[in-house]
Amino acid sequence: MPPVTLNRRAILALGGAFILFLLVSGAITNHVRPDIVQKHLPDRWKTPQPEPEPPKFEDPPVQEWQEEIFPLAKAGKIPKINPKNIVNDNNLKTPLFIGFTRNWYLLEQAVVSYIAAGWPASQLIVIDNSGVMDSNLRGLLSPTNPWYLNHTRLSQLGVSVKRTPTLLSFAQLQNFYINYAIEQDWGYYFWSHMDVVVVSHESESPENYKSLYRKAVDVLGTTLEKRDHWALKLFAYDWLTLVNVEAMRDVGAWDTQIPYYMTDCDMYSRLTMRNWTQDNVDAGHVYDVSSHLTDLAVLFPEEGHESELNTTRFTDLLKQLQLMMEQKQKNSHGRNTWQARQDGGKGEPFWRNPKGFERGINFWIDKGRELFRIKWNYGECDLIDKGYKYGDQWTKD
């Protein structure tokens, strides 16, 4: 019987079939991208591919300890702010309260950002609500202590500090602002959170550019000229707020029996019930953050380029601040984990266990929510939408 011979076409067909068999069987897919293998297989042979999972947001890493985040200031060299941010033709007072309880680094960052955005340092008032009496004033606490506040640095920056007589809750601190304004015979004041960073709208066209401070002054001037029945001007909700003292008097100030969360719902609802307006206004970027920049000098223009706007430094800064805000908002452990981050200073005057302090705060937050529900016989913030009127509080047994 003559030997069986194969022509070249048959050999190629058999070889191709054998290679295909190896691909399907997985014998050589360790060396071939699976997506390519799937792409070249007949449809009936393809294995169904799972839908790609959306990227998971990882909690931000805990920041490494930094004793100093503004080395230029430590060396006595405060950077120059952009001259376009300076307002020389303003005759209105613009006192701005920033309350502090713990985490000096976030407070310093907030204060420096306001200065860089044109707010006169002489108009910034840090309220030392750390509850450590005169310990910070006398320099008795170390930087790792949650309640450490650097009075020397604030004085160097030109910022004044006023101490509360003891640790106040959020609602009590708000009433402290009101009382201080009354003592000073101010008809209004600004207040801001210590965990924000503010930046002017430098991306605006140069001919229309106004610093954050200039815009805040414009809002104030327009508000005072109109003489409307106004209570609050909210810049990015209450991260920066202009307050009318007369409105605060009219509604009896903040309810200190609701010490933390829901106390704002109570206050703002009572203002609306009394026909006091609360308008949203804009002055610039306001970022709510839980971490700090590694060097606060980035908030200022580069040396020799002080008059330039919308530079690479500025755009990079906005990207970083946006990321910092997103990390705070998406933190699976809560947006305020920064409050209990520091745990040093044990044995120093008026030291408290930070974790125990946080548990105590959360206890009173829960009790405040409960009291709000009892006060209004309703537990949500939409009192106005539900038809509640001034005087409806405390009307149910």
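If you go through the stretch 99-108 one residue at a time, how many are under 19 Å from PHE176 (Cβ atoms) and either surrounded by fewer than 19 Cβ atoms within 10 Å (Cβ to Cβ) or not hydroxyl-bearing (Ser, Thr, Tyr) (or both)?
Taking the stretch 99-108 and keeping what is under 19 Å from PHE176 (Cβ atoms), we get 99-102, 107.
Going one step further and asking which of them are either surrounded by fewer than 19 Cβ atoms within 10 Å (Cβ to Cβ) or not hydroxyl-bearing (Ser, Thr, Tyr) (or both), we end up with 99-100, 102, 107.
Result for the stretch 99-108: 4.
From the list TRP191, TRP186, exactly one residue is out of contact with any strand residue (DSSP E or B) (no Cβ under 8 Å at 6 or more places or on another chain), of a type in the set (Phe, Trp, Tyr), over 27 Å from LYS346 (Cβ atoms) and modelled with pLDDT of 95 or more. Which is it?
Details: TRP191 fails: out of contact with any strand residue (DSSP E or B) (no Cβ under 8 Å at 6 or more places or on another chain).
Of the residues listed, the single one that is out of contact with any strand residue (DSSP E or B) (no Cβ under 8 Å at 6 or more places or on another chain), of a type in the set (Phe, Trp, Tyr), over 27 Å from LYS346 (Cβ atoms) and modelled with pLDDT of 95 or more is TRP186.
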Next item on the list: Go through the stretch 286-309 and give me each residue that's surrounded by 21 or more Cβ atoms within 10 Å (Cβ to Cβ), assigned to a strand (DSSP E or B) and not hydrophobic (A, V, I, L, M, F, W, C).
Entry: TYR287
Margin query: From the list TYR213, TYR260, exactly one residue is under 24 Å from LEU107 (Cα atoms), assigned to a helix (DSSP H, G or I) and either under 18 Å from the mean Cα position of the chain (by Cα) or at pLDDT 95 or above (or both). Which is it?
Written below: TYR213
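Taking the options LEU96, LEU92, name whichever one is in contact (Cβ under 8 Å) with a residue 60 or more places away in the chain and surrounded by fewer than 20 Cβ atoms within 10 Å (Cβ to Cβ).
Checking each option against the conditions leaves just LEU92.
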Next item on the list: Filter the stretch 121-175 down to the residues that are without any contact (Cβ under 8 Å) to a residue 12 or more places away in the chain and either touching a helix residue (DSSP H, G or I) at 6+ places or on another chain (Cβ under 8 Å) or assigned to a loop (DSSP other than H, G, I, E, B) (or both), then identify the one that is farthest from ALA216 (Cα to Cα).
Entry: ARG138
Check: Taking the stretch 243-289, which residues are of a type in the set (D, E, K, R) and under 30 Å from GLU202 (Cβ atoms)?
Finding: ASP279, ASP282, ASP288
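The values are calculated or read from the model by the stated rules, or taken from the named source; none is laboratory data. If you're wondering where the values come from, they're calculated on a predicted model, not measured in any experiment. Ideal geometry is used to build each Cβ from the backbone, glycine not excepted, and the neighbour counts take in all protein chains shown.
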